[in-house]
Amino acid sequence: MTKPCRDVAVIGAGIIGLGVAWEAVRRGHRVTLIDPSPASGATRAAAGMLAPVSELQYREERFLELTRESALLYPAFIDELANTGVETGYRSEGTLVLGLDPADRLVLADLRAAQVSHGLTVDELTIREARRREPLIGPAATGAFLVPGDHQVDPRQLASALFSALAGNARLLEGTASGLIVEGGRVTGVALDDGSSVSADETVVANGLGAPALASLPVALPVRPVYGDILRLRVPAHLRPFLTTTVRGLVRGNPVYLVPRTDGTVVIGATQREDGRRAVSAGGVYQLLRDAQQLVPAVVELDLVESMCRARPGTPDNAPLLGRVSGVEGLVVATGFFRHGVLLTPVAARICADLLDGKPAAPEHNAYRPDRFGKGSS
Ligand code: GLY
């Protein structure tokens, strides 16, 4: 049986919308991707850690299966973009996790026990072994763990590669979606704020924190902004490569990460604030540099080239809002990816594309249904 080719509108060209659009194109659908400022939100700030293991938080074990599945899809996802000729910054050197003081080490050791109990690989290293991998680790670190399966990608480059893959294969509309067009319980397209509209058999809502503001949305989407300050620094020639592995740390209870890029820059992130302030926080920048420098003292010798603040779309249970809304045809929701948007892109693209192909939702994905908090009204 041949699959139906559908007109698909994707609202939002962040990393999730781009991934969904590309997968939909690959499945033979006609795609219109709508965004006034593509890849300029959380995607632009994201560090790009593909870290289902070291990002695991207590009480989030239930969606470990989803994050691991997506991490496993990444190598093929990257390979399939290779013919665009655009780099993605995918690196598979693993992630080093460091604790600063004995209490940090204890917290990480407890977390490791939980990670291992879920079948995850986390190797305990001596500080000497850690320093053999990363000679610039400072004398203050007291505990070290290696997570070989946690990798990274450069989200800005990945977004460029996805754009390149979509160019000529999808319609890219730099407009603002103001609402959905709903006729008799079915979403039939997207209204834009200039008065125009896009008709679609299927509409994918993938515009992150902007989703709840869409008029006629037939479900309340409880996303809230969780702001993050994040820094980009350039490594002077005499200090390169600086780090070869992503380094995550717990510094007197504060999490911090340093992500080395192949282009000689390092990303240091990220705070988590729900104070509603959109500007880069001076306190946040101070905290990130202070804590990163505790782990890798040479951080103070780098050039600070960018500080940025963006909001992650958080949800009440930290899991995404992904799938169909019961009783509503023509609509797929893909938002609320919180700290995991880049990691979850391949699996979200696959789940959405399966729904667009007319497949029923898989029972194991019920936990992500966008109407699980009640349909309400937006
Ligand atoms: N995934 C890392 C962050 O959100 O800071």
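Might you let me know whether the stretch 8-15 holds any residue that is out of contact with any helix residue (DSSP H, G or I) (no Cβ under 6 Å at 6 or more places or on another chain), within 23 Å of Ser307 (Cα to Cα), outside any loop (DSSP other than H, G, I, E, B) and among the small types (Gly, Ala, Ser)?
Checked against the condition, which is being out of contact with any helix residue (DSSP H, G or I) (no Cβ under 6 Å at 6 or more places or on another chain), within 23 Å of Ser307 (Cα to Cα), outside any loop (DSSP other than H, G, I, E, B) and among the small types (Gly, Ala, Ser), the stretch 8-15 yields no hits at all.
From the list Val285, Val325, which one is surrounded by 16 or more Cβ atoms within 10 Å (Cβ to Cβ) and either within 16 Å of the ligand (Cβ to nearest atom) or under 22 Å from the mean Cα position of the chain (by Cα) (or both)?
On the way: Val325 fails: either within 16 Å of the ligand (Cβ to nearest atom) or under 22 Å from the mean Cα position of the chain (by Cα) (or both).
After applying the criteria, what remains is Val285.
Which residue, of Leu108, Leu100, Leu81, Leu96, is buried (at least 19 other Cβ atoms within 10 Å of the Cβ), within 24 Å of the chain's Cα centre (by Cα) and over 18 Å from Pro148 (Cβ atoms)?
On the way: Leu108 fails: over 18 Å from Pro148 (Cβ atoms); Leu100 fails: within 24 Å of the chain's Cα centre (by Cα); Leu96 fails: over 18 Å from Pro148 (Cβ atoms).
Unique residue meeting the criteria: Leu81.
Could you list, in sequence order, all residues of the stretch 29-63 that are among the β-branched types (Val, Ile, Thr) and within 16 Å of the ligand (Cβ to nearest atom)?
If the condition is that a residue be among the β-branched types (Val, Ile, Thr) and within 16 Å of the ligand (Cβ to nearest atom), then Thr43, Val53 are the ones that fit.
Looking at the stretch 214-221, can you tell me whether even one residue there is farther than 23 Å from Ile351 by Cα, touching a Ser or Thr at 6+ places or on another chain (Cβ under 7 Å) and away from the ligand (no atom under 16 Å from the Cβ)?
Of all residues in the stretch 214-221, those farther than 23 Å from Ile351 by Cα come to 215-216.
Among the residues that remain, those that are also touching a Ser or Thr at 6+ places or on another chain (Cβ under 7 Å) are: 215.
Now narrow it down to the ones that are away from the ligand (no atom under 16 Å from the Cβ): 215.
Looking through the stretch 214-221, at least one residue is farther than 23 Å from Ile351 by Cα, touching a Ser or Thr at 6+ places or on another chain (Cβ under 7 Å) and away from the ligand (no atom under 16 Å from the Cβ).
Report, by residue number, each residue of the stretch 44-72 that is part of a helix (DSSP H, G or I), of a type in the set (A, V, I, L, M) and buried (at least 18 other Cβ atoms within 10 Å of the Cβ). Quick ask: steps written out before the conclusion?
Kept after step one, since they are part of a helix (DSSP H, G or I), are these residues of the stretch 44-72: 44-45, 61-72.
Then keep just the ones that are of a type in the set (A, V, I, L, M); that gives 45, 64, 66, 71-72.
Listed by number, the residues that qualify are Ala45, Leu66, Ala71.
Filter the stretch 235-272 down to the residues that are of a type in the set (Lys, Arg) and surrounded by fewer than 18 Cβ atoms within 10 Å (Cβ to Cβ), then identify the one that is nearest to Ile137 (Cα to Cα). Give the derivation first.
Start the filter on the stretch 235-272 by keeping residues that are of a type in the set (Lys, Arg), which leaves 240, 248, 252, 261.
Within this subset, residues satisfying the condition of being surrounded by fewer than 18 Cβ atoms within 10 Å (Cβ to Cβ) are 240, 252.
Numbers: Arg240: 14, Arg252: 17 Å.
Once the filter is applied, the top-ranked residue is Arg240.
Looking only at the stretch 123-166, which residues are touching an Asp or Glu at 6+ places or on another chain (Cβ under 6 Å) and closer than 30 Å to Leu18 by Cβ?
Within the stretch 123-166, just Gln157 meets the criteria.
Pairs, please: C-beta under 7 Å, at least 6 apart or cross-chain, first residue basic (Lys, Arg) and in the stretch 130-156, second outside any strand (DSSP E or B)?
Every condition considered, the pairs that remain are Arg131/Ile137; Arg133/Thr245; Arg156/Arg44.
Just for the stretch 301-322: of the residues that are within 14 Å of the ligand (Cβ to nearest atom) and under 25 Å from Glu202 (Cβ atoms), which one is surrounded by the fewest Cβ atoms within 10 Å (Cβ to Cβ)? Can you show your working first?
Pass one, the stretch 301-322, residues within 14 Å of the ligand (Cβ to nearest atom): 308-315, 318, 320.
Of the ones still in play, those that are also under 25 Å from Glu202 (Cβ atoms) are 313, 315, 320.
Details: Pro313: 28, Thr315: 21, Pro320: 28.
The qualifying residue surrounded by the fewest Cβ atoms within 10 Å (Cβ to Cβ) is Thr315.
Restricting to the stretch 328-378, and then to whatever is of a type in the set (Ser, Thr, Tyr) and within 16 Å of the ligand (Cβ to nearest atom), can you tell me which residue is nearest to the chain's Cα centre (by Cα)?
Residues of the stretch 328-378 of a type in the set (Ser, Thr, Tyr): 335, 345, 368, 377-378.
Those left that are additionally within 16 Å of the ligand (Cβ to nearest atom): 335, 345.
Numbers: Thr335: 11, Thr345: 7 Å.
Within the stretch 328-378, the match that is nearest to the chain's Cα centre (by Cα) is Thr345.
Looking at the structure I just gave you, is Val205 in contact (Cβ under 8 Å) with a residue 60 or more places away in the chain, away from the ligand (no atom under 16 Å from the Cβ) and over 23 Å from Arg312 (Cα atoms)? Step through it out loud before you land on a result.
Working: in contact (Cβ under 8 Å) with a residue 60 or more places away in the chain: yes; away from the ligand (no atom under 16 Å from the Cβ): yes; over 23 Å from Arg312 (Cα atoms): no.
Here the answer is no, as Val205 does not meet what is asked.
Having 1 or more residues that are at pLDDT below 95 is the bar; report the strands (runs of 3 or more DSSP E) wholly within the stretch 76-160 that clear it. Reasoning before the result, please.
Numbers: elements: 95-99, 123-125, 143-147.
Those strands (runs of 3 or more DSSP E) span 143-147.
The values are calculated or read from the model by the stated rules, or taken from the named source; none is laboratory data. None of these values were measured; they are calculated from a predicted model. With ideal geometry, Cβ positions are generated from the backbone for all residues, glycine too; neighbour counts draw on all protein chains shown.
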